[in-house]
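Accompanying notes for the structure given below.
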Amino acid sequence: MSQIKSRHCQCLAWAGRRGKLPQRQVLGLALAGVLGLGLGLAGAAQGAEHMRKNAYQTDRAFSPGVVTEGGKTVWLAGSSALKDAQGRDIAYQFDAQLKRVWEQIDENLALQGGSLKDVVTITVYLLDPRLGDKVVASRKALWPDGRYPGSALITVSNFAKPGILVEIQAVAVVGDRRAEVAP
């Protein structure tokens with residue numbers, strides 16, 4: 001398997017040197033390929049471990065990492081919302097968009113037999129960094145047991161459509177048994 005990983009990375013590096021892919025994309029694809037090969041060979045569900053958090057991480061409601069073995073990895077595309085579940089316009093309404101985005105992530109995971117509890121990492125994109133505290137509060141409400149996913153919070157200059165204020169991308173591992181370890 002290490003030969004497969006090595007060959008995959010060599011091919012991507014060659015494409016980057018030849019100007020076929022930007023350097024950043026080459027590194028991202030190489031990492032995704034290596035991680036994907038490793039995850040694809042995972043065995044039966046053995047449990048997830050949420051790494052020990054320091055005071056700052058606990059206050060900001062994220063884990064420094066989540067270790068999983070087995071289960072089904074679900075890579076979700078970024079989720080944003082301009083309409084709520086009833087079809088009402090929520091453009092430029094951060095709280096309503098954040099609520100709907102979490103609902104959409106949960107709905108997509110349900111299609112694979114999972115839920116928000118199975119999320120191991122998220123990337124949150126915001127237009128306004130001052131809204132980060134609201135995201136933290138929502139994570140605390142969604143994961144009251146303190147088993148927070150790993151998280152990155154990134155401020156962007158714009159989204160694909162006017163009115164979008166937040167987008168969240170998530171990765172979940174469905175079907176692993178959560179380790180009964182203090183969060």
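Here is how the numbers come out for the structure above:
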| item | result |
| --- | --- |
| Local electrostatic count, residue 134, Cβ distance below 13 Å [Lys/Arg +1, Asp/Glu -1] | +2 |
| Difference of contour (0.36 nm per residue) and Cα-Cα distance, residue 84 to residue 112 | 7.8 nm |
| Calculated Rg and Dmax of the stretch 60-183 using C-alpha coordinates, Å | 14.4, 44 |
| Sites residue 103 and residue 72, calculated FRET efficiency, Cβ-Cβ separation with R0 22 Å, nearest 0.05 | 0.55 |
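Readers should treat all values here as calculations from the given coordinates under stated rules, not as data from a laboratory. All values reported here derive from a predicted model rather than from experimental measurement. Virtual Cβ from ideal backbone geometry, glycine too; neighbours counted across all protein chains shown.
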